[in-house]
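Below: one structure, written as structure tokens.
The values are calculated or read from the model by the stated rules, or taken from the named source; none is laboratory data. Fair warning: this is a prediction, and the values are worked out from it, not measured in the lab. Glycine also receives a Cβ, built like all others from the backbone with ideal geometry; neighbour counts cover every protein chain displayed. Accessible surface areas use protein heavy atoms only, side chains included; no ligands, DNA or RNA. Shrake-Rupley method; radii C 1.70, N 1.55, O 1.52, S 1.80 Å.
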Amino acid sequence: MSSECLFCRIVAGAIPAKVVHETDTVLAFQDVNPQAPTHVLVIPKEHYPDAATMANADPALAGEVLATAGEAAKISGVDASGYRLVFNTGADATQTVFHVHCHVIGGRAMTWPPG
Ligand code: 5GP
Ligand code: ZN
């Protein structure tokens, strides 16, 4: 846990969040600035800066993040209509919070390629 990290502070309860689903190791909560009717962030409670670092250090945890993303989509009612999972990684991808998070985005039709 890093007191400098925004999402570590959400895990610690120091910053409030609208929690969608929680397990012992993973937290899913509403994005504060939603880009679609459904926009949930799924994070491991343990701090890793990005998806690849997490997957290399703890593959089971990476699997739990993905499974929880699917659960969040189901809870949000977009599992049948479809949704997008996004791990922005690094500057070109516009990552702004360096605690790995999976965006679960759905509830509207999307375009490809992304901007
Ligand atoms: P990134 O650009 O790093 O992939 O995404 C960071 C996401 O975190 C953004 O979608 C942003 O809206 C969201 N975010 C930033 N600060 C907060 C916050 O304090 N609470 C919540 N729930 N989401 C946040
Ligand atoms: Zn963190």
- Message: List pairs: first residue in region 20-39 and farther than 14 Å from Arg108 by Cβ, second residue open to solvent by 50 Å² or more (accessible area, probe 1.4 Å) and assigned to a loop (DSSP other than H, G, I, E, B) anywhere in the structure, Cβ distance under 7 angstrom, at least six positions apart or on different chains.
- Response: Thr25/Lys45; Val26/Lys45; Leu27/Lys45; Phe29/Lys18; Gln30/Lys18
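Would you point out which residue out of Phe87, Phe98 is in contact with a Cys (Cβ under 8 Å, 6 or more places away or on another chain) and open to solvent by 70 Å² or more (accessible area, probe 1.4 Å)?
Numbers: Phe87 fails: open to solvent by 70 Å² or more (accessible area, probe 1.4 Å).
The match here is Phe98.
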- Query: Which of the residues spanning region 8-34 are farther than 18 Å from His47 by Cα, surrounded by 13 or more Cβ atoms within 10 Å (Cβ to Cβ) and among the polar types (S, T, N, Q)?
  - Reply: Gln30
- Task: Please enumerate the residues belonging to region 34-62 that are more than 14 Å from ligand 2 (Cβ to nearest atom) and under 13 Å from the mean Cα position of the chain (by Cα).
- Result: Pro34, Thr38, His39, Val40, Ala62
